[in-house]
Structures are given as C-alpha cells and as structure tokens.
Amino acid sequence: MSFRITQGNMSRTTLSNINLNLKKMQEIQEKLSTGKQINRPSDNPSGMRKVLGLKAEELKFQQFSDNTEIAKERMNYTFNSLENIQDVLSKIKELGIQASNDTIGQSEREIIAGELNELLESVLQFTNAENDGRYIFAGTKTTTSPFSATRDSAGRMSSVTYEGNNEEIDYQIGPNTYIAINTPGETIFQGNGLFSTLISMRDALESNAFDSSAFLDSRKNLDVAMDALATEITRYGAKTNRLELTSQSLENLQITLKELISYTEDADVATLIMNLKEQENILQSSLETGARIIQPTLLDFLR
C-alpha cells in the first residue's frame, strides 16, 4: 500500500528536522556556556548519579580537612602552653637546687621562696590558659576554669582544686578515625601532685627550721611531675605530626576527587566547538533544502 506524499507532509517533516537541528545546537551551546556536559539529570542519568556521589564524598572529606586544621591549631596552642609550663618548672628546679645549698642562709631562702611563689602563680596562669574562649585543660568543661586556688590571708596559694573533668574532646579526621585534641589537667598536673609539691617547696623555704631532707623529697616529686609533663609534650608533638600527614593526605584525596568530578562533569570544549560547526552546517543545509520544498505554491504546480 502506497502513501501519497503531499506538500504539507514534506513541509511539516522539513520544519521538524530544522527544529531538531536547532535543539541540538541549543544543547551544544548550553554545554559551551556552562562548561558542563551534564547540566540536568536527563543529560546523563548515570553520569549525574556518579557526580552527585563524588560531590558528597568531596563534602565529607572537606569536613575531615576542616576538623584536622582546627585540631592542629588547638593542639599547637596546647603544645605551646605545656612548653611554657615546662620552662617555668625548669626555673623552679634551678631555684630548688640553689636553695639546697648548705652555704646559704635563711634570709636567702626566703628570697628564693618569693621567686618560687611568683613562678607558682605563673604555673596557675598557664594551666588556666584559654584558646578562643575555651579552657584547654578543663576536659570537656571548656567554659569552666580548670584550676581554682585557695588562698591564705596574705593572698598566697595554700591549695589548688581541679574543677574540670577527665573527658577528652575527639575530632573526626577521617572515616572511623578520631583524635583527642586535649588532655584533662588533672591527668597532667593534679595526678602528679604538681601544685602541692610547689606549695610545699615554697613553704619549706620560708620555714625557720629548714628540713633539707623533706625539701629534697619535694624536689624529687617535682622531677616526677616534670618527666610526666615532658612525656605529654612529646606525645603532643607526635600527634601534631600525625595531623600534618593527615592534612596532606586529605588534600591529595580532595584533588583526586575534583579531577574525577571534572572528568565526569566538565565539557570537552574543543570537541563541542567542532560539533557546533558541524551542526551549523547541517542546519544550513536543512534551511536551504527546506526553502526549496516549502517555497513552491499551487500556482507553481499548475504551470
């Protein structure tokens, strides 16, 4: 069975083909203007699903990277505070050695006691250090000053109480990977009797009946506290190095994810330009053909 080809059928087919060519040109121009070969899910459903998955991974690892940078900043601050305390304790140790000399008198020991008392105040100051409004040695009670001093009528410390808790603050720096960015002050200082040792040393030096044996025991206790502090400083240094490596690893991973997203999503501009030129030629041919088909009228057929 044959079908009659009419002028109307030919005109409609020609216009349909021209519209199809225009649509293809529009799609190419959109990709060129956006620089993306996937602008909507219908462009490439599987590719869009892959891009969305990669971007979700990118956001997740960006959060890990942000956490790592914050952890580095806070741990560096804590590391510096611990070193400041270590420097103060080293000066106190020197004073203790000087005060143990049997050749010095009581008046000289009282002068040393005065110096030690000022250094004791410095230790309290550094153990109550804040970073961005948060106390670094208070455990998770970061809005509470960790160490509270009881003072005598002269305003001098007679004892120190820990007001924080023993909980650590963990930051997630990778999938199922966490790092504690703090050490509760009770673990570092109170557990080793640091404040009670320093107060005992000061009071012993001020006593009219200086007990060299008891003072030596206090110095040994100070050495124990300083060793524990040195260990903690070393531990913080190692954890900071770990964060540096983690930061570099996350940065490399993010670069890889960006490259994968770009490979899947970004348009090949050179190829698109070639396709656009080709489509322009096709469109031009369609228009020229259409002009020949649509132009004849009934009078042309009657001639």
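The values are calculated or read from the model by the stated rules, or taken from the named source; none is laboratory data. All figures in this text were calculated on a predicted structure; none of them were measured in a lab. Cβ placement follows ideal geometry from the backbone for every residue including glycine, while neighbour counts extend to all protein chains displayed. Only protein heavy atoms, including side chains, enter the accessible area calculation; ligands, DNA and RNA are left aside. Shrake-Rupley method; radii C 1.70, N 1.55, O 1.52, S 1.80 Å.
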How big is the convex hull of the Cα atoms of the range 57-179, per residue, in Å³? 119 Å³
Treating each Cα of the range 140-255 as an identical point scatterer and ignoring solvent, apply the Debye formula and state log10 I(q)/I(0) at q = 0.23 Å⁻¹. -1.28
I'd like to check one number: the per residue accessible area of the range 49-129, probe 1.4 Å, reported in Å² as a whole number. 51 Å²
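Subtracting the Cα-Cα distance from 0.36 nm times the residue separation, let me have the gained length for residue 141 to residue 110 in nm, one decimal.
Details: separation 31, 0.36 × 31 = 11.16 nm, distance 3.78 nm.
Extra length available between residue 141 and residue 110 comes to 7.4 nm.
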Rough spin-label spacing in nm, given labels placed 7 Å along Cα→Cβ, for residue 227 and residue 214: 2.4 nm
Other residues with Cβ under 12 Å from the Cβ of residue 88 give, with Lys and Arg +1 and Asp and Glu -1, a net charge of -4
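Carbon-plus-sulfur fraction of the accessible area of the range 133-237, 1.4 Å probe, in percent?
Working: 2150 of 4870 Å².
Heavy-atom surface of the range 133-237 belonging to carbon and sulfur, 1.4 Å probe: 44 percent.
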So for R0 = 45 Å, FRET eff. of residue 207-residue 130 from the Cβ-Cβ r, to 0.05, ends up at 0.80
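How long is the gain from residue 168 to residue 52 if the chain were fully straight, where each residue apart is worth 0.36 nm and the alpha carbon distance is subtracted? The partial results should precede the final answer.
Values: separation 116, 0.36 × 116 = 41.76 nm, distance 3.53 nm.
In short, 38.2 nm is gained.
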Residue 208 neighbourhood, Cβ < 12 Å, K/R = +1, D/E = -1, net charge -3
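Output the pairs from 60/239; 36/258; 91/239 with a Cα-Cα distance over 19 Å in this structure; if there are none, say none.
60/239; 91/239
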